[in-house]
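So the structure is just underneath, and the comments pick up after that.
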Amino acid sequence: MTGTLTLDSPLSEVKGVGPKTASLLARKNLNTVGDLVQYFPRGYDFFPEPVSLAEAETGEVTALRITIVGSGTTFHSAGKSVTYFRAGDGSGFLRLTWFNQPYLKQRVKTGSTFIVRGRLQQSQNGNRYMEQPGLYAPEEYTKLAGTFLPRYPLTQGLKNKLIIRIIREVLNHIEHGAEESADFRTEYLPEQIVKEQGLVSEDKAYQSVHFPENMQQAENAVRRLSFDEFFFFLLGVRTNGDAVRGETNPKPMIPTAEPERLIEQLPYELTSDQRHAWEEIRADLCSTHVMNRLLQGDVGSGKTILAFLALLLAVTNARQGALMAPTEVLAEQHMRDLSAMTEQYHLPFKPVLLTGSVRGQARKAAYDSVRDGSANVVIGTQALIQEKLDFHDLGLVITDEQHRFGVRQREAFAGKGTSVPILVMSATPIPRTLAIILYGDLEVSLLKDMPKNRKPIRNTVLGEEWREKVYRFLVKQIHEGHQAYVICPAVEENDILPIRNVADCTLELREKLPKDIVIESLHGRMKPAEKERIMNRFADHEIDVLVSTTVIEVGINVPRATVMMIENAERFGLSQLHQLRGRVGRGEDQSYCIFMYDSASREKPKRLEILEHSDDGFYIAEQDLKLRGPGELFGVRQSGTPGFALADIYRDTDLLHLAAELTGRILQKDPELSAPDHRRIRERLDSVMSKSVDFRSI
């Protein structure tokens, strides 16, 4: 590494990062120094001083100096090898178990001494054990004792040790390098505000979030960086909101008969909330001011039909509409639904699908039809804002679950039309007090009434002792022609957190359920094409049970799916559990949601009882807000909320309100952020907004 590093420097300029390593990092979208320092850990491993087995507390992560007793044993179960040893330290004995590591029998010999680190557990008969513990030579562990090491999200070939080494190199260079070596060396907040709010400096926060000396230091770092995310998000919302509210609509639409005619032909009546929201949307589109509206409704409240009505008003005004979804599968579903409705009701839609999978001649034909106006509705993903796509006369943009449709996105569409009206749809039940802060640039329409033809989902909260009975219920539902989701909080086994994971759960279900039941897995580490293939197979009923992480939360409509089983439900936020529950109950058949909790807690978690007795997403969100304390520093995140890397609108409500108060105070005094004290804020805001363009993270 030569010269000065900046946040824009490519990682190839960092010492020890060759082409192969750079390629591995690029798989996680880590291309620059800035990408790397903002690649935050998902947790920390603490290496405590070793204690004796008699002193160790069951259920806690601990370190023990033990001596191996006897030779190890290896056997195979559920498609994986299990190797275990008996060990002791004079104050007691325990069993050490490793999965798929039979080679340990060559390293771990009778009479040898090691430090083992892991979660100490105790079986019902009183025997103590550790599963998948870290194994260290005593001299090796001495160097680690008393330290915290970060754990990062990984991909195949990318090791945690490698990321730690590179981040240490970068942060050391920044700390000892030139003043201009990185943007965050220069504090953007006035010193008085930093002191007044008890915030650590930004450069200290970046150092501490990666390599804290203790948990308090890590918490202070996360607090500061979470505040920064809220602060610039709200600044962007408010400065953008002022501009949006001042936009004049040069081509207001005129009311047409077709939307009302479609409403009369539907096999169901719009709810009062749907009717009211439609009146607001229609009034916006026919107004002299450009629409910028959030349509917020609980799962299954009927947002999609309102989107189709808005598109119908646009096309009957000889304008084009664009509907943008967060995934290809959801875009394809919207395409199928709109096409079916077009045929059934003889509507004037001429839709075209444009996603990353549409290539070659099909893609060229799609571009041509959008350009010449022969396609009046375009449905797709972020491909819709690519520069090559030219609209004939774009009159409406609808984004589904894409909350941060900000300045650059608006500008990108403004180049394809003039002052394009925007409708943002969201199923995330954010409490109204937070919605007002987060969506200050949007008018809000709420859908709280549910369609009358939906059967309420039956909910139950069960402990581990009910598992076999739950499996029998799954089999019964599937043999009746239904499908099921099984959600796990982890992809693979974790040596620290004793939680259910997709890999092991898939193997277990294949072993315990009848062979005629097709079981597949889905998680975020898969390539996009593979994820889309699995989800499409599930939608086509080629898969009976889909074992997945929360990647299905914003997913497709599968009416035959009647069972949602969520493992370790106690580890999710209530709002996220409610979103997951919304994947079932979409057909005419009775649906069920089973919240499984870790029976080690002995009592049914009271917070889960809220879900057992309520299906009101807004009520659940309010209760979630009241119940969630500081929680884990890096817990299972609330999905569907604006794409913050660290900040959590439920956990960090105090910071959100603080950021809202501070941005309001600053903008009231200096709306243009032109004062000398605010110059760095303006520069940072411009930098943040210029990079806020990746719809996949929204």
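The values are calculated or read from the model by the stated rules, or taken from the named source; none is laboratory data. This is a predicted model, so every value here is computed, not measured. Positions of Cβ are backbone-derived with ideal geometry, glycine not excepted, and every protein chain shown enters the neighbour counts. All accessible areas refer to the heavy atoms of the entire protein, side chains included, with ligands and DNA or RNA removed. Shrake-Rupley method; radii C 1.70, N 1.55, O 1.52, S 1.80 Å.
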Answer residue from region 324-338, given it is open to solvent by less than 30 Å² (accessible area, probe 1.4 Å) and modelled with pLDDT under 95 and is nearest to residue 391 (Cα to Cα) among those: 324
Which of the residues that make up region 178-202 are more than 14 Å from residue 662 (Cβ to Cβ), at pLDDT 85 or above and either in contact with a Lys or Arg (Cβ under 6 Å, 6 or more places away or on another chain) or in a helix (DSSP H, G or I) (or both)? 200, 202
So, in region 262-274, exactly how many residues are surrounded by 14 or more Cβ atoms within 10 Å (Cβ to Cβ) and part of a helix (DSSP H, G or I)? 4
Inside region 65-91, can you point out the residues that are of a type in the set (A, V, I, L, M), open to solvent by 10 Å² or more (accessible area, probe 1.4 Å) and at pLDDT 90 or above? 69
For region 513-535, give me the residue count where each residue is at pLDDT below 85, open to solvent by 40 Å² or more (accessible area, probe 1.4 Å) and in contact with a helix residue (DSSP H, G or I) (Cβ under 8 Å, 6 or more places away or on another chain). 3
Inter-residue pairs, beta-carbon under 7 Å, first on the phi > 0 side of the Ramachandran plot and of a type outside the set (A, V, I, L, M, F, W, C) and in region 637-654, second at pLDDT 80 or above and open to solvent by less than 20 Å² (accessible area, probe 1.4 Å), 6+ apart: 640/579
Taking the stated definitions as given, is residue 72 touching a helix residue (DSSP H, G or I) at 6+ places or on another chain (Cβ under 7 Å) and not basic (Lys, Arg)? yes
From 39, 44, grab the single residue that is part of a loop (DSSP other than H, G, I, E, B) and aromatic (Phe, Trp, Tyr). 39
Residue 375 passes all but one of the listed conditions (1) within 31 Å of the chain's Cα centre (by Cα); (2) small (Gly, Ala, Ser); (3) surrounded by 23 or more Cβ atoms within 10 Å (Cβ to Cβ); the exception is number (1)
Applying the selection to region 141-158, what residues are within 18 Å of residue 46 (Cα to Cα), part of a loop (DSSP other than H, G, I, E, B) and under 23 Å from the mean Cα position of the chain (by Cα)? 152, 153
Within region 683-693, is there a residue that is open to solvent by 70 Å² or more (accessible area, probe 1.4 Å), at pLDDT 75 or above and in a loop (DSSP other than H, G, I, E, B)? no
Filtered residue count, region 17-33, keeping only those that are open to solvent by less than 60 Å² (accessible area, probe 1.4 Å), in a helix (DSSP H, G or I) and not aliphatic (A, V, I, L, M): 1
Residues being touching an Asp or Glu at 6+ places or on another chain (Cβ under 9 Å), small (Gly, Ala, Ser) and closer than 19 Å to residue 399 by Cα: count how many of those fall in region 311-356. 3
So, restricting to helices (runs of 4 or more DSSP H) that lie completely within region 339-446, which ones have at least 1 residues that are at pLDDT 85 or above? 360-372
Output for region 110-142, where each listed residue is aromatic (Phe, Trp, Tyr) and in contact (Cβ under 8 Å) with a residue 60 or more places away in the chain: 141
Can you name the residue in region 536-561 that is open to solvent by less than 20 Å² (accessible area, probe 1.4 Å) and touching a His at 6+ places or on another chain (Cβ under 8 Å) and is also nearest to residue 470 (Cα to Cα) among such residues? 561
Filtering region 285-316 down to residues that are open to solvent by 30 Å² or more (accessible area, probe 1.4 Å) and either part of a loop (DSSP other than H, G, I, E, B) or modelled with pLDDT of 95 or more (or both) yields 286, 287, 288, 316
Any chance residue 572 is open to solvent by less than 20 Å² (accessible area, probe 1.4 Å), of a type outside the set (A, V, I, L, M) and either modelled with pLDDT of 90 or more or closer than 15 Å to residue 459 by Cα (or both): no
Every residue in region 575-596 that is within 16 Å of residue 613 (Cβ to Cβ) and open to solvent by 20 Å² or more (accessible area, probe 1.4 Å), please. 592
Just to be sure, is residue 564 surrounded by 18 or more Cβ atoms within 10 Å (Cβ to Cβ) and not in a helix (DSSP H, G or I)? yes
Of all residues in region 92-112 being open to solvent by less than 60 Å² (accessible area, probe 1.4 Å) and not aliphatic (A, V, I, L, M), the one that is nearest to the chain's Cα centre (by Cα): 99
Quick test of your reading of the structure: residue 56 fulfils all but one of (1) open to solvent by 20 Å² or more (accessible area, probe 1.4 Å); (2) outside any strand (DSSP E or B); (3) closer than 30 Å to residue 116 by Cα. Name the failing condition by number. (1)
Only residues that are surrounded by 13 or more Cβ atoms within 10 Å (Cβ to Cβ) and in a strand (DSSP E or B): list them for region 113-132, please. 114, 115, 116, 117, 118, 119, 121, 122, 128, 129, 130, 131
Give region 626-667 a look and list any residue that's at pLDDT below 80, open to solvent by less than 40 Å² (accessible area, probe 1.4 Å) and part of a helix (DSSP H, G or I), or say none. 653
